[in-house]
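Bear in mind these aren't lab numbers, they're just calculated from the coordinates by the rules spelled out. Note that the coordinates shown come from a computational prediction; the quantities given were computed from them, not determined experimentally. Cβ sites come from the backbone with ideal geometry, for glycine too, and all protein chains shown count toward neighbours.
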Amino acid sequence: MLYTRGALLAPSAPLAGQRRALVEGEPSGDARRHRALVEGEPLPGTPYAVVRLLGQGGMGEVYEVEHLELGRRFAVKLLHRSHAGRLDLSARMRAEARSIARLRHRSLPEVFDLGATEGGRPYFAMELLEGRDLRTELARLGVVAVPTALGLVLQALSALSLAHAAGIVHRDLKLENLFLCDDGTLKVLDFGVAKLLHDGAALTAPDAVIGTPRTMAPEQCAAQPVDPRADIYAMGLVLYELVAGRGPFDELRGRRDALRLAHCEREPPPPSRLAPQLIPTALERLILRAIAKAPEHRFQTAADMEAAVRRLYEGARSSAAPVSRRARELTPTASDVPAAGSSADGETRVDAPAARRPSPAPPSRGRAVAPRLAHRPRARSRRRARPSPRAVRAASRIAALGVCALALASAALVLALAQRWFPGSDHPAPAPPSARAAAQVRSAVR
């Protein structure tokens with residue numbers, strides 16, 4: 001038996017013919033159906049034509065397409081050609097489309113169509129988004145200002161609250177799956193490994209490890225049952241990365257087993273220790289609670305975490321101060337989300353200018369990654385402490401005494417010079433006693 005291109009084939013004459021066709025350079029029927037799509041080519045068996053490839057992962061490919069009849073463009077997610085014939089992945093992709101279609105939320109993409117190509121590859125069409133994912137945005141900015149990060153996470157938690165209420169656990173929340181549109185809207189993407197809590201037929205083996213090691217909750221790393229609190233852990237890591245510029249265990253990047261062990265055993269360093277900006281104490285407590293090792297020590301629902309983040313966000317907005325010129329260089333532009341450069345405690349954030357940012361770390365898995373900011377000096381507020389009234393009065397008295405002493409010294413100097421160079425009368429000054437005695441002696445001699 002031979003497993004090729006997702007199909008289980010038995011050695012026979014047709015198989016030998018396929019081998020000869022591949023050796024001679026002529027694509028077989030399966031190869032023609034499962035090759036990469038090119039610009040302008042119709043998507044076989046669908047009303048769409050390919051415009052361009054937007055991206056691809058381990059399970060699917062995403063194309064920008066145009067409806068041949070309507071002339072409207074969509075984003076189509078298509079099962080990856082290397083998995084054609086995989087019934088389990090086909091079922092998972094259909095479940096993903098149905099899960100998103102059931103949820104109507106501003107921070108979730110809208111699904112318009114679900115079907116399969118002529119070759120049997122499932123696909124679904126959703127709205128075409130303009131923007132970039134948060135991993136790309138963090139690599140551009142270096143670090144996201146605290147109020148802006150709170151606003152982004154608030155949008156994601158609002159969508160997760162709806163998904164959890166519908167019995168859907170995302171299980172793969174990370175910066176790459178959070179998409180920032182040009183109008184400032186955040187979209188939660190890629191429910192491909194989502195778990196349906198209320199679905200009787202499980203699509204994942206009980207002992208399977210699902211997710212990205214860099215952002216998996218400890219119970220995911222240990223292949224234990226997961227619930228919505230696994231998404232709470234991931235959202236805590238997202239907020240950690242946005243405000244600190246890096247994750248708590250980024251030094252282990254690329255070492256899957258070490259990362260999984262760190263999430264299970266190691267206590268994460270407080271974000272204030274790694275962040276290049278000031279982190280309010282309340283925000284640090286919120287992050288550390290969200291990424292607690294034991295699920296019962298975290299926020300129990302996305303709605304609970306959303307309420308806590310909203311309180312911090314509203315406090316940061318009400319105490320917002322003017323953004324300094326240097327801090328504005330590391331906040332999103334007007335086409336992103338509303339920029340703010342002050343913390344919840346009212347202190348102005350001063351981040352390093354773009355010219356002095358450390359060079360980004362080597363890319364991982366072909367994606368842009370955030371700069372390594374572990375050794376970057378923490379920024380300090382330029383606002384100086386105001387002296388107390390008692391100190392002001394003491395300084396005023398000392399200054400007044402100094403002025404009086406200087407005036408007296410100047411007056412004495414002027415009087416001394418006047419007596420020496422400008423006598424006060426025309427009468428000659430009396431002679432000293434020694435000179436008077438000498439004159440009397442001369443008179444007696446005469």
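One table, with the values for the structure above:
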| quantity | calculated |
| --- | --- |
| Region 36-126 shape via C-alpha gyration tensor axes, a/c threshold 1.5 | oblate |
| Using θ = phi - 60° and Karplus 6.51 cos²θ - 1.76 cosθ + 1.60, couplings along region 290-301 (whole Hz; Gly, Pro as x) | 5, 9, 5, 5, 7, x, 6, 8, 8, 4, 7, 9 |
| Burial ordering of Lys293, Lys77, fewest other beta-carbon atoms within 10 Å first | Lys293, Lys77 |
| Residue (of His67, Val50, Gly115) at the positive-pole extreme of region 36-126, dipole from beta-carbon charges | Gly115 |
| HN-Hα J in Hz across region 48-54 - Karplus 6.51, -1.76, 1.60, θ = phi - 60°, x for Gly and Pro | 10, 10, 6, 9, 6, 7, 8 |
| Region 272-320 and region 85-105: distance between their alpha carbon centers, rounded to Å | 32 |
| Charged-residue dipole, Cβ positions (Lys, Arg, Asp, Glu), region 36-126 about Cα centre, Debye nearest 20 | 440 |
| Sparse-neighbourhood loop sites, GluC sites (Glu not before Pro) in region 34-106 - DSSP loop, at most 11 other Cβ within 10 angstrom | Glu39, Glu69 |
| Cβ-defined net charge surrounding Leu286, 13 Å radius [Lys, Arg +1; Asp, Glu -1] | +2 |
| Overall Cα dimensions of region 213-308, principal axis frame, Å, largest first | 36, 31, 17 |
| Vicinal HN-Hα couplings computed from phi for region 402-412 (Karplus, 6.51 cos²θ - 1.76 cosθ + 1.60; Hz; Gly/Pro x) | x, 5, 5, 4, 5, 5, 5, 5, 5, 5, 4 |
| Long-range HN-HN contacts of Gly45 with modeled amide H, under 5 Å | Glu118 |
| Per-residue Cβ neighbour rank within 10 angstrom, fewest leading, Cys181, Cys221 | Cys181, Cys221 |
| Cβ-defined net charge surrounding Arg52, 13 Å radius [Lys, Arg +1; Asp, Glu -1] | -4 |
| Total formal charge among the other residues, if their Cβ is under 13 angstrom from that of Glu306, Lys/Arg +1 and Asp/Glu -1 | -1 |
| 23 Å Cα-Cα reach of Lys293 towards lysines, excluding residues that sit fewer than 8 places from it in its own chain | Lys174, Lys195 |
